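Here is the structure we will look at.
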Amino acid sequence: MSLDVPTAVLEAAERREVTDEQFLAVVRDSLPYAWEVVSAAAADNTGDKAFGEHEVPPPSEQERGQLLRALASTSIRGALERHFGVTLAFQNCHRVAAFSPAQVDSEIYREFIGIRGQLLNQSPELRDC
């Protein structure tokens with residue numbers, strides 16, 4: 001199971017009363033490494049940079065799994081984007097970028113998410129990630 005959901009939150013979800021705040025608390029507590037990475041990328045998204053990013057490889061497969069679960073889940077990723085006010089982009093197994101929503105149609109965003117950007121961000125060390 002990728003999320004450790006407290007009974008009260010599960011019951012709220014069954015009643016269709018779960019909030020983003022409750023969901024985000026579950027994500028933060030269940031996937032702390034992923035939360036840390038996204039927080040760092042969002043904090044790095046300052047006005048003097050094209051986008052914020054975090055590109056330090058995870059210290060273990062457990063942390064890598066957390067990051068992959070967070071970014072592969074539409075609901076988790078969407079909640080993180082709403083919370084941090086960014087649009088997330090992801091390359092390889094660890095490079096996370098945080099773009100301001102206004103940048104989503106920009107050349108730098110399209111370059112990051114495009115196939116050229118993906119291919120240029122490869123190396124033999126990343127083959128097993």
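Some observations on this one:
- Whether segment 50-116 is rounded, prolate or oblate, judged on the alpha carbon gyration tensor where a/c under 1.5 counts as rounded: oblate
- Only protein heavy atoms count here; on that basis, with a 1.4 Å probe, Ser75 has an accessible area of about 70 Å².
- Solvent-accessible area, 1.4 Å probe, carbon plus sulfur percent, for the chain: 52
- Normalised by the number of residues in segment 1-107, the mean separation of alpha-carbon contacts (under 8 Å, six or more apart) gives a relative contact order of 27 percent.
- Charge dipole of the chain about the Cα centre (unit charges at C-beta), most positive-ward option of Phe51, Phe84, Ala8: Phe51
- For the chain, average projected area of the Cα convex hull in nm²: 8.6
- Charges were assigned to the Cβ only: +1 to each Lys and Arg, -1 to each Asp and Glu. The resulting dipole of the chain about its Cα centre is roughly 280 debye.
- Among the trypsin sites (Lys or Arg not before Pro) within segment 36-113, those in coil by DSSP and having at most 11 neighbouring Cβ atoms inside 10 Å are Lys49.
- Taking all pairs of distinct alpha-carbon atoms in segment 26-69, Kirkwood radius in angstrom: 11.0
- Percentage relative contact order, segment 1-59, counting C-alpha pairs under 8 Å, at least six apart: 25
- Low-density loop cleavage sites - trypsin sites (Lys or Arg not before Pro) in segment 1-31, where at most 14 other Cβ are within 10 Å (DSSP): Arg15, Arg16
- Pairwise label distance in nanometres, Asn92 with Ser106, each label 7 Å out on the Cα-Cβ vector: 2.2
- Added length on full extension, which subtracts the Cα-Cα distance from 0.36 nm per residue, Lys49 to Ile113: 21.3 nm
- Potential lengthening of the chain between Arg28 and Ser75 amounts to 15.6 nm, from the contour at 0.36 nm per residue minus the alpha-carbon distance.
- Here segment 1-47 yields Rg over Rh of 1.11, to two decimals, using C-alpha coordinates and the Kirkwood radius.
The values are calculated or read from the model by the stated rules, or taken from the named source; none is laboratory data. For clarity, every value in this text was computed on a predicted model and none was experimentally measured. Glycine also receives a Cβ, built like all others from the backbone with ideal geometry; neighbour counts cover every protein chain displayed. The protein model used for the area step is the full one, side chains on, heavy atoms only, and it has no ligands, DNA or RNA in it. Shrake-Rupley method; radii C 1.70, N 1.55, O 1.52, S 1.80 Å.
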